[in-house]
Amino acid sequence: MSVALTTPRFKDNVHEALHDARLQRAMNTAGNFVPRRAAAIERLPEFEALRDSARDIKNHTLAHLDLYLEAYEQRVTQAGGKVHYARDSEEARAIFLDLCKARGAKRVTKGKSMISEEIGLNHALEAAGIEAIETDLGEYIIQLRNEGPSHIIAPAIHVTRDDIEADFRKAHLHLPRDRDLSQPETLLSEAREILRQKFLSADIGVTGANFLIAETGASVIVTNEGNGDLTQILPKVHVVIASLEKITPTLDDVAQLLRVLARSATGQDMSVYTTLSTGPRRAGDPDGPEEYHVILLDNGRSSMLAGEFSDMLRCIRCGACMNHCPVYQAVGGHAYGWVYPGPMGAVLTPSLIGVKDGGQLPNASTFCGRCESVCPMKIPLPKMMRHWREREFERHLEPTPVRYGLGLWAFFATRPALYRFATNVATRAMALIGGGRGRFAWAPLAGGWTRYRDLPAPQGGTFQARWRAKSGAVN
Amino acid sequence: MSQGSPPGAGLRVGLFVTCLVDLMRPSVGFAAVKLLEDAGCKVVVPAQTCCGQPAYNSGDRADAKAIARQTMRAFAGCDYIVAPSGSCGGMLAKHYPELFADEPDASREAVAFAAKCREIVSFLTDTLGVERVKARYEGVATYHDSCSGLRELGIRAQPRKLLESVDGLRLVELEDSDVCCGFGGTFAVKYGELSGAIVAKKTDRIAATGADTLLAGDLGCLMNMAGKLSREGRQIRVRHVIEVLAGMTDDPPIGEGAAK
């Protein structure tokens, strides 16, 4: 595995996250994505119709992905670029390292890219003696901290301003010690100062892509800092790393998807920069790279196309699901233990690393449905988490006590007469024990409940028994 | 609404009481019966166990289907099936058709059954057109929107509207009332610590309203919030919304004993 995987110990991660006072402080003060999104949507009456349209565009694309991929490759080639197909992370890394080797590259600047996280590009570059520099401010911060992103659009959402100041003072030793780093602006300008020198000396620039347009062969990135533009324009070689479901048929389609993307993500009508790049610099262009490559990653996605998880391939990575998720908001993104956190991560992670390692995530959901209600692509996230639970159940992967308890419960629940008798006796007994205070501070087999809250006691006797006694009726 | 004849007159309504109300808090079932009968409905209570949600959400489709079939059989002959829960109501009305999507015959049956299923407050207001109740409750109440009722069945304005007609009750809004309380059925036990952290945020919000009463439409969520409030030593009465709407608040609140 290219990225340190701790998903199988999700519960331990949760415990640590809940007891990490610094993290909890950061999560409680982090952003206000929820009200911003709500306000942006309030301003756009046709937002619901746009969601339908966005979903339809992606569904159509996925149904004809083979054709659009071919068309896209043709256009990229016509524009003077080259498309490389990578079946998995290892192939993607190898292709990239070959490109580096052929150009003798020593320094690579990077725009924000979740696919580069998925394939573990930074570690591979480091191992090959190549310096990788994250140029998105959030990514730059977590790179200094030797961490992965904890959110797909706000990678450093788990750190506080004080943490960043400390990280900068530790890393930027050549700067005066008495400089003022108390404001977001001073932190930003310090990072900008440092990164500017790196942009100018990089051999290769890497970006991800929000969309790849089949009609024109362009890759599209949306950013707020402009670092992506400098990454892809200044070095001699621009490499785009993207997964294959980023293909979108036309520029018009992209324009529609953009209308739901930023609003869902940050509550902006548009991100500050929307940048299209098509092939290398042409004769007469004032700037641009000499070479343009696209590494298209599959990594299991093509096998999702035909199955019950295909809806997940509509995801445009806005992050709205995690911004609205009670679980994500309680523990942050690192607890999820791999690259993709939140509800989208809970569905995607088992697809990419297997349900055996990733199965905790789709289980750790209350099915509150808030993620689906805000997803701009109308992805039925809870339904797909339930599908993962079905896969686990079929393969007997859930813990034995859970399966045993469920089986015992189902035995009674499918035998109404026995159920009515047993429950009436049991609730009467429980009411006798706990009825005085009306609650239990501890109950057998319910430690997961009573360690954290009281268990209200039953009133005693079931409704069905009382109803029959009262009405004397059998209906 | 025609004069004299109540809106539910002539309707045979099956009460799907839900396993939690059946086992933990029968008084909610009787409140449901009162509200339905006040609206003129003929209430029947066929022998029943559970809607099957625990199996369905644990990935056990076979048992979920067996329980669903049993439930559909038990309630055959009812004009409507009404549950005092958005979660179980959502299971009957939204998930039964999904559960049988791969079996054409059963699927038709599930779709027809689902079309008759309602959550009780939504049934009274949206289906029967009830606009007010005759009840009295002294207190300042706040209302939590349980997730399934809110997002699967569109229940938000309806309980607030009926609560407005309760004499003596003042309703104050709960910040983030649409955010999950952390119950999630078996989630609350399987991921107890996480569930406990989520409900702690909820009880902070509840306390911040200054209300003396917390109401909601799902007993699972109510038990979760009541259990956290009492563990934190907060003096807030917790009740199912229909206990208040039916004017049946003689039983102690959730998590409080008769001795208190």
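Look at the stretch A:407-415: the mean tally of other chain Cβ atoms within 10 Å of its residues' Cβ atoms is 6. Phi angles of the stretch A:326-342 translate, via the Karplus equation with coefficients 6.51, -1.76, 1.60 and θ = phi - 60°, into HN-Hα couplings of x, 6, 4, 5, 7, 10, x, x, 5, 4, 5, x, 8, 8, 10, x, x Hz per residue; Gly and Pro are given as x. Think of a 1.4 Å ball rolled over the protein heavy atoms: the stretch A:83-241 then has 42 Å² of accessible area per residue. Computed per residue of chain B from DSSP H runs no shorter than four, each worth -39500 (n - 2.57), the mean residue ellipticity at 222 nm is -12000 deg cm²/dmol. Straight Cα distances below 24 angstrom link A:Lys246 to the lysines A:Lys58, A:Lys82, A:Lys110, A:Lys112, A:Lys378, A:Lys383, with same-chain residues fewer than 8 positions distant left out. Remark: accessible area buried at the B-A interface is about 5800 Å², both chains counted, probe radius 1.4 Å. Projected onto their three principal axes, the Cα atoms of the stretch B:68-169 cover extents of 51, 26, 19 Å, largest first. Surface exposure of the stretch A:272-337, expressed per residue as accessible area with a 1.4 Å probe, stands at 34 Å². Of the residues B:Leu11, A:Val237, A:Gly407, the one whose Cα sits farthest towards the positive end of the charge dipole of the protein assembly as shown is B:Leu11 (charges of +1 on Lys and Arg Cβ, -1 on Asp and Glu Cβ, taken about the Cα centre).
Near B:Val44, the amide H atoms lying under 5 Å from its own belong to B:Val13, B:Gly14, B:Leu15; only residues 5 or more places off or on other chains count, and H is placed 1.01 Å from N. Counting Cβ atoms of other protein chains within 10 Å of each Cβ in B:43-50 and taking the mean gives 6. Of all lysines in the structure, the ones whose alpha carbon falls short of 30 Å from that of A:Lys470, not counting any fewer than 8 places away in one chain, are B:Lys34, B:Lys42, B:Lys116, B:Lys134, B:Lys260.
Roughly speaking, to the nearest percent, how much of chain A's 1.4 Å accessible area is carbon and sulfur? On chain A, the fraction of accessible area on carbon and sulfur atoms equals 55 percent.
Are there any trypsin sites (Lys or Arg not before Pro) in the stretch A:1-110 that are in a DSSP loop and have at most 11 other Cβ atoms within 10 Å? List them by number.
Counting only loop positions with at most 11 other Cβ atoms within 10 Å, the trypsin sites (Lys or Arg not before Pro) in the stretch A:1-110 are A:Arg43.
Centroid-to-centroid, using Cα positions, the stretch B:107-159 and the stretch A:439-475 are 23 Å apart. Counting every pair of alpha carbons in the stretch B:12-126, the share spaced more than 24 Å apart comes to 19 percent. Stokes-Einstein diffusion for the protein assembly as shown, with the hydrodynamic radius set to the Kirkwood value over Cα pairs and evaluated at 25 °C in a medium of 0.890 mPa s, equals 88 µm²/s.
Once the partner protein chains are put back, the stretch A:428-454 shows a loss of at least 50 square angstrom of accessible area, versus the chain by itself, at A:Arg439, A:Trp449, A:Tyr452, A:Arg453, A:Asp454 (probe 1.4 Å, ligands and nucleic acids excluded).
Each other residue within a Cβ distance under 14 Å of A:Arg9 adds +1 if Lys or Arg and -1 if Asp or Glu, for a net charge of -2.
Quick one: Cα centre-to-centre distance for the stretch B:1-49 and the stretch A:29-69, in angstrom? Taking the Cα centre of each part, the stretch B:1-49 and the stretch A:29-69 sit 41 Å apart.
For the stretch A:238-292, the list of GluC sites (Glu not before Pro) that fall in a loop by DSSP and count at most 13 other C-beta atoms within 10 angstrom reads A:Glu290.
The share of accessible area on the stretch B:11-136 that comes from carbon and sulfur is 51 percent, using a 1.4 angstrom probe. Remark: mean inter-chain Cβ contacts per residue of B:173-183 equal 3, using a 10 Å Cβ-Cβ cutoff to other protein chain atoms. Working from the Cα coordinates of the stretch A:351-475, the gyration tensor eigenvalues give, after taking √(5λ), semi-axes of 35, 19, 17 Å in decreasing order.
If a/c stays under 1.5 just call it rounded; otherwise compare a/b with b/c (prolate if a/b is bigger, oblate if not). Do that for the stretch B:111-186, with a ≥ b ≥ c from the square roots of the Cα gyration tensor eigenvalues.
Working: a/c = 2.54, a/b = 1.19, b/c = 2.14.
Verdict is oblate for the stretch B:111-186.
Between the stretch A:232-305 and the stretch A:391-420, what is the separation of their alpha carbon centroids in Å? Between the Cα centres of the stretch A:232-305 and the stretch A:391-420 lies a distance of 48 Å.
Enumerate the lysines that A:Lys170 could reach by cross-link, defined here as Cα to Cα under 21 Å, with residues fewer than 8 away along the same chain left out. Of all the lysines, those that pass the test against A:Lys170 - Cα under 21 Å, at least 8 places apart if same chain - are A:Lys198. Here the protein assembly as shown is treated with +1 on each Lys and Arg Cβ and -1 on each Asp and Glu Cβ, and its dipole about the Cα centre works out to around 2240 debye.
The values are calculated or read from the model by the stated rules, or taken from the named source; none is laboratory data. Everything quoted here is computed from the prediction, not taken from an experiment. All Cβ positions, even for glycine, are placed from backbone atoms using ideal geometry, and neighbour counts span all protein chains on display. These accessible areas exclude ligands, DNA and RNA; they are computed on the full protein's heavy atoms, side chains included. Shrake-Rupley method; radii C 1.70, N 1.55, O 1.52, S 1.80 Å.
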